[in-house]
Amino acid sequence: MNAVHRIDHVREFIAQVRAQKKTVGLVPTMGALHAGHVSLIQAARQKCGYVVVSIFVNPTQFGPNEDFDRYPRPLENDLELCGKYGADLIFNPMPAQMYPSEQLTWITVEKLTAALCGASRPSHFQGVATVCTKLFNIIQPDYAFFGQKDAQQAAIIKKMIADLNMPLQIEVCPTVREDDGLAISSRNQYLTAEQRDEAPIIYTALRQAAQLIQQGETNPQTITVKMRKVLDRALLIEPEYIEFVDTDTIQPLDVLKGRVLVAIAAKLGSTRLIDNIIVDAKE
Ligand code: PAF
């Protein structure tokens, strides 16, 4: 495994790999790697001849009062995990490498960014779409791997590559969970022991929604009331949103039909967690 910081060095490695006609898979990450990232690296390993993991805590996707400064950066551990699971190249640039001068060009995916996390994090997805475009241009992968936990992010990136004719495919891999159901996230480590005990209730509420939809409930309000009752059992969880949207367009659904994305964001103290479940509504 090789680790590089500079864009010209990445390009040299990729040129060699292309000469060998290998397919290139990219796992874009912000580091603090966990079992969810490992599943993405494994999926990339299965599908591609050459696997690149980018590790970059992207400043442009954090709002002014968000956790950019305290975001965990355990680089040694990250490199060890990448090596263990068979990554070929780590791209770990400094911010000045990715943003050498004032960034005046931004990727904005309309409509899909309005609901869910876009409502409270207005410039977040512009930062994500822009840094992913940069990474795609630098690494030129055939495939890029994203987690279902960030369902809105995955939908936005898919729409961006379709709209801009970017020559790669997006693979979305299932959410990896702790034994008690909590979706694995780099931000789980911010939780106190008491918050961590309550956090799995988020998934309990999502499972209840899935069950109701599968039983034929089509009214999102009815389900929301029941989900709130479940979440109310947790004293430390403050729901930010409970939404029912179309999986691809991320537009809110008044009546549940087709493939429904049920998504929750909740605050536990100053830590914000998100989770979701996809359910096929009864025809
Ligand atoms: O999901 C993430 O970790 C980030 O949003 C990504 C895709 C690496 C872009 O910085």
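Where a number appears in this text, it was derived from the coordinates with a stated rule and is not lab data. Since we're looking at a predicted model, the values are computed, not measured. A quick note on method: Cβ atoms are made from the backbone with ideal geometry, for glycine too, and the neighbour counts reach across all protein chains shown.
Numbers for the structure displayed
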item: Filtered residue count, region 133-157, keeping only those that are assigned to a helix (DSSP H, G or I) and more than 21 Å from residue 183 (Cβ to Cβ); result: 7
item: Some residue of region 88-111 being touching a Lys or Arg at 6+ places or on another chain (Cβ under 6 Å) and away from the ligand (no atom under 14 Å from the Cβ); result: no
item: Test for residue 31: is it of a type in the set (Gly, Ala, Ser), within 16 Å of the ligand (Cβ to nearest atom), under 16 Å from the mean Cα position of the chain (by Cα) and under 21 Å from residue 138 (Cβ atoms); result: yes
item: Flag if residue 129 is free of Cβ contacts under 8 Å to residues at least 12 places away in the same chain and part of a helix (DSSP H, G or I); result: no
item: The one condition in (1) touching a residue at least 60 places away in the same chain (Cβ under 8 Å); (2) more than 22 Å from residue 152 (Cα to Cα); (3) of a type outside the set (A, V, I, L, M, F, W, C) that residue 229 fails to fulfil; result: (1)
item: Failed criterion for residue 65 (all others in (1) within 13 Å of the ligand (Cβ to nearest atom); (2) surrounded by fewer than 20 Cβ atoms within 10 Å (Cβ to Cβ) hold); result: (1)
item: Residue ID - nearest to residue 35 (Cα to Cα), chosen from residues in region 137-160 that are out of contact with any helix residue (DSSP H, G or I) (no Cβ under 8 Å at 6 or more places or on another chain) and more than 9 Å from the ligand (Cβ to nearest atom); result: 151
item: Which numbered condition residue 127 fails, given (1) buried (at least 16 other Cβ atoms within 10 Å of the Cβ); (2) touching a strand residue (DSSP E or B) at 6+ places or on another chain (Cβ under 9 Å); result: (2)
item: Unmet criterion (only one of (1) under 30 Å from residue 17 (Cα atoms); (2) within 16 Å of the ligand (Cβ to nearest atom)) for residue 50; result: (2)
item: Every pair of residues 6+ apart whose Cβ atoms lie under 8 Å, when the first sits in region 184-203 and is in contact (Cβ under 8 Å) with a residue 40 or more places away in the chain while the second is in a helix (DSSP H, G or I) and within 16 Å of the ligand (Cβ to nearest atom); result: 184/35; 184/36; 184/149; 185/36; 185/149; 199/188
item: Residue among 38, 27, 52, 10 that is surrounded by fewer than 19 Cβ atoms within 10 Å (Cβ to Cβ), in contact with a Phe, Trp or Tyr (Cβ under 7 Å, 6 or more places away or on another chain) and of a type in the set (A, V, I, L, M, F, W, C); result: 38
item: Subset of region 78-91 (residues that are touching a residue at least 60 places away in the same chain (Cβ under 8 Å) and crowded, with 19+ Cβ neighbours inside 10 Å); result: 79, 82, 87, 88, 89, 90, 91
